[in-house]
Amino acid sequence: MVAKEVLTMTQSSSSRASTKAPSVLFVCVHNAGRSQMAAAFLSHLSDAIEVRSAGTQPADEVNPVVVEAMKEKGATLGGEQAGHIIFGKHTTTGDGTLAALQIFSIMEQTKKALSVLAGIFQPFPQLLTNIEVTEKKSIEEMKGVQEEIKKAEKELSTAGRVLVRYSGTENLCRIMVEGKEKKQIERIAKSIADAIQKEIGVKK
């Protein structure tokens, strides 16, 4: 089960009426990535704000997956369904204010309303499957898994995508399949999941 990260900002009512510094709390599941980076970023921007980060299920290490993947691919824009958008030229963590400013900038440059700009986006069905694993063996070295991934990529072609990776903080292999048809991506995800389960999945 994938729990959604939550960003909570709290400021006591008394601080608004006094000179006491506002307090901001960034909360996510593992306190292993976004919450810590967001806290560090805000602390760097202002010394007048008391910043803390926390997690509902704290992990033992920081999740390096998002930023490292962007560096590896030379990407400057990253995002996910939870709403976090990373603008690599400006910051290494999701920032709602920055994302809003970038959108306003595009609206100004194109002289188009947001309703018009949003019309170019055609969402495809997307399925995320998590498989509990006994080890994190290199995905490239698992022949059966690679065969299923290549079959999926050939079938989807340019009308979809497949992403298979390990969680940075849990013993899970995550399978994301996106395509035009829901039944198609469900079938593809199951084929890849079955191959991973056979190779390194936890026996149930």
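The values are calculated or read from the model by the stated rules, or taken from the named source; none is laboratory data. Model, not experiment: these values are computed from the prediction. Using ideal geometry, Cβ is built from the backbone for each residue, glycine included, and neighbour counts are taken over all protein chains shown.
Determine, yes or no, whether Ser191 is over 23 Å from Val29 (Cβ atoms), polar (S, T, N, Q) and outside the structural domain of Val29 (by TED's automatic domain parsing).
On the way: over 23 Å from Val29 (Cβ atoms): yes; polar (S, T, N, Q): yes; outside the structural domain of Val29 (by TED's automatic domain parsing): yes.
Against the criterion (over 23 Å from Val29 (Cβ atoms), polar (S, T, N, Q) and outside the structural domain of Val29 (by TED's automatic domain parsing)), Ser191 qualifies.
Check every one of the helices (runs of 4 or more DSSP H) wholly within the range 62-176 and list those with 1 or more residues that are touching a Pro at 6+ places or on another chain (Cβ under 6 Å), more than 23 Å from Val202 (Cα to Cα) and modelled with pLDDT of 80 or more.
Once the helices (runs of 4 or more DSSP H) in the range 62-176 are filtered for at least 1 residues that are touching a Pro at 6+ places or on another chain (Cβ under 6 Å), more than 23 Å from Val202 (Cα to Cα) and modelled with pLDDT of 80 or more, nothing remains.
Quick check on Val29: is it at pLDDT 65 or above, outside the structural domain of Arg161 (by TED's automatic domain parsing) and surrounded by 13 or more Cβ atoms within 10 Å (Cβ to Cβ)? Against the criterion (at pLDDT 65 or above, outside the structural domain of Arg161 (by TED's automatic domain parsing) and surrounded by 13 or more Cβ atoms within 10 Å (Cβ to Cβ)), Val29 qualifies. Identify all residues within the range 118-177 that are loosely packed, with under 11 Cβ neighbours inside 10 Å and β-branched (Val, Ile, Thr); write none if there are none. Across the range 118-177, the qualifying residues are Ile120, Thr158.
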